[in-house]
Amino acid sequence: MASQRCIGSASLQAPGQSLPTAVTIVTVTLNAAGLLGGDYEADIHFVSNDPQTPDLALNVLMHVTGAPVITVDWAESDGFPERG
């Protein structure tokens, strides 16, 4: 189940051009830094001069498990809680 939020940061690594019958490997790296926990979805579009598929959309889903950031400031003058 994907939400409508977009993936924050993605990078692609691929050669600039391919031969007509060649296989091209594209590496996609997703970065979840700064994202809250949840599901993210976006489309990556591969645009070409191919008359049959001039715009190929590849749907990408990413699940981020959030980690809480908790900071506690405790003054020694406030005392310490008793351990149970």
**Prompt:** If the Cβ limit is 7 Å and pairs must be 6+ apart or interchain, which residue in region 30-48 that is without any contact (Cβ under 8 Å) to a residue 24 or more places away in the chain and closer than 30 Å to L19 by Cα pairs with which residue that is of a type outside the set (A, V, I, L, M) and outside any strand (DSSP E or B)?
**Reply:** V47/P54; S48/P54
**Asked** Any idea which of T24, T71 is loosely packed, with under 10 Cβ neighbours inside 10 Å, assigned to a loop (DSSP other than H, G, I, E, B) and of a type in the set (S, T, Y)?
**Response** T71
**Asked** If a residue has to be closer than 21 Å to S9 by Cα and part of a loop (DSSP other than H, G, I, E, B) to count, how many in region 48-68 make the cut?
**Response** 4
**Asked** Of the residues that sit in region 37-53 and are in contact with a strand residue (DSSP E or B) (Cβ under 8 Å, 6 or more places away or on another chain) and over 21 Å from I25 (Cβ atoms), which one is surrounded by the most Cβ atoms within 10 Å (Cβ to Cβ)?
**Response** Y40
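Bear in mind these aren't lab numbers, they're just calculated from the coordinates by the rules spelled out. Please read these numbers as outputs of a predicted model, since none were measured by experiment. Neighbour counts are summed over all protein chains in view; Cβ atoms, including those assigned to glycine, are modelled from backbone coordinates with ideal geometry.
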